[in-house]
Each structure stands twice: as C-alpha cells, then as structure tokens.
C-alpha cells in the first residue's frame, strides 16, 4: 500500500513552530540569519502571487542541518508571497517513516520535499540539494562533506539555489494548473 502523504501533512508544523520545537538557540540564530540573507525579486514575487492552485507541501528537515538552514528559509519567503502554499515541516528524526519515504539515494537526506495537490494527491518531490549546490560541492570538495550552516554561501550560489527551488514550486503549480481533473473541478 502506498504511503499516504495527505494523512501525514496535517501533523506537520509551521516554520516558526518547527524552529521553536527543534532548534537550539544557536541553530535558530543561523536559520534567522539565512532567512534575512534571502529576498525575492519583484518578478519572483509576481510569479508566486500568480499561483492559482493550492499546494500542500511537506518538508522533512533537521534544525541542525546546514542544507536546511540554507534552503528552508527560502520556502518561508515563498509562503509569505502567496496564500496558495501551505507548508508543513517535519523533523527527520521524529518522523522516520516519512523520512524513509522521501529518502534520496537510499538515505534519509534533508531537506526533502513532497508536493501535494489541494486534495492531497502527490504531484512531485524534490530535495537534498539543488543542482547549483551539487555543482559547487563537486568543484570544491573531495570526499564526503556537509555544509554546517556556519558560513553563508556566496550570493550567486544563494540566488541560484533560490531560483532552482522556485522553478520546482512553479513546475508543480503548472502541473496543478493544467491538470484536467482540477480544471474540471474548478471550471477553468
């Protein structure tokens, strides 16, 4: 039987609730700094404001995770730019079954995102790192490495990561917008 992501979604926490529950003061400071480091352009805000379908988004994260510190605040900016996104966060270690379902390359990597339609139908998943981040890692590191979130990435990398995540959110929005099932439901 397939995993029921729609049944899991309501159990998630909002961005502030997630941080209040799972982040240490130092981790919270890094999340807050990352949130402050990002901003959306007017074009990006307009795109998000143009979304016409509601999306439920599950994010498996860890307050301790450098990739989460550098990527999840982006989702908070997206959520603030449109009422169409309902994002819920799950701690990887407190939600092992969900983390296993969203594993990447056989491991419970974070952040991992599952996109659902307004009625809970799965529409896509994405996560761990964006292509820009993987390119940066493979050009700079030899061997296994994980960013700590202690040092902010270069502005060009931040902009690329933000845009790649926005592309994923837009892709799912377009899937929802062009779905014959949802077009029939909404009469458009």
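The values are calculated or read from the model by the stated rules, or taken from the named source; none is laboratory data. All values reported here derive from a predicted model rather than from experimental measurement. All Cβ positions, even for glycine, are placed from backbone atoms using ideal geometry, and neighbour counts span all protein chains on display.
Only one of 49, 23, 61 is surrounded by fewer than 13 Cβ atoms within 10 Å (Cβ to Cβ), at pLDDT 95 or above, in contact with a helix residue (DSSP H, G or I) (Cβ under 9 Å, 6 or more places away or on another chain) and closer than 26 Å to residue 159 by Cβ. Can you tell me which? Answer to the selection: 49. Checked against the criteria, residue 149 does not count as touching a helix residue (DSSP H, G or I) at 6+ places or on another chain (Cβ under 6 Å), modelled with pLDDT of 85 or more, in a loop (DSSP other than H, G, I, E, B) and on the phi > 0 side of the Ramachandran plot. On the basis of being under 19 Å from the mean Cα position of the chain (by Cα), modelled with pLDDT of 90 or more, surrounded by 15 or more Cβ atoms within 10 Å (Cβ to Cβ) and in a loop (DSSP other than H, G, I, E, B), does residue 161 make the cut? No; evaluated as a whole, the condition is false for this residue.
Taken as a whole, the condition of being more than 16 Å from the chain's Cα centre (by Cα) and either touching a residue at least 60 places away in the same chain (Cβ under 8 Å) or surrounded by 13 or more Cβ atoms within 10 Å (Cβ to Cβ) (or both) does not apply to residue 92. Figure legend. Inter-residue proximity from the stretch 12-31: first residues more than 10 Å from residue 69 (Cβ to Cβ), second residues at pLDDT 95 or above and part of a loop (DSSP other than H, G, I, E, B), beta-carbon distance below 6 Å, spacing 6+ or different chains. Indicated pairs: 22/63.
When you check residue 36 against the structure, is it surrounded by fewer than 19 Cβ atoms within 10 Å (Cβ to Cβ), free of Cβ contacts under 8 Å to residues at least 24 places away in the same chain and within 30 Å of residue 1 (Cα to Cα), yes or no? Taking the combined requirement at face value, the residue does not satisfy it. For the stretch 1-20, the tally of residues that are touching a helix residue (DSSP H, G or I) at 6+ places or on another chain (Cβ under 7 Å) and modelled with pLDDT under 95 stands at 1.
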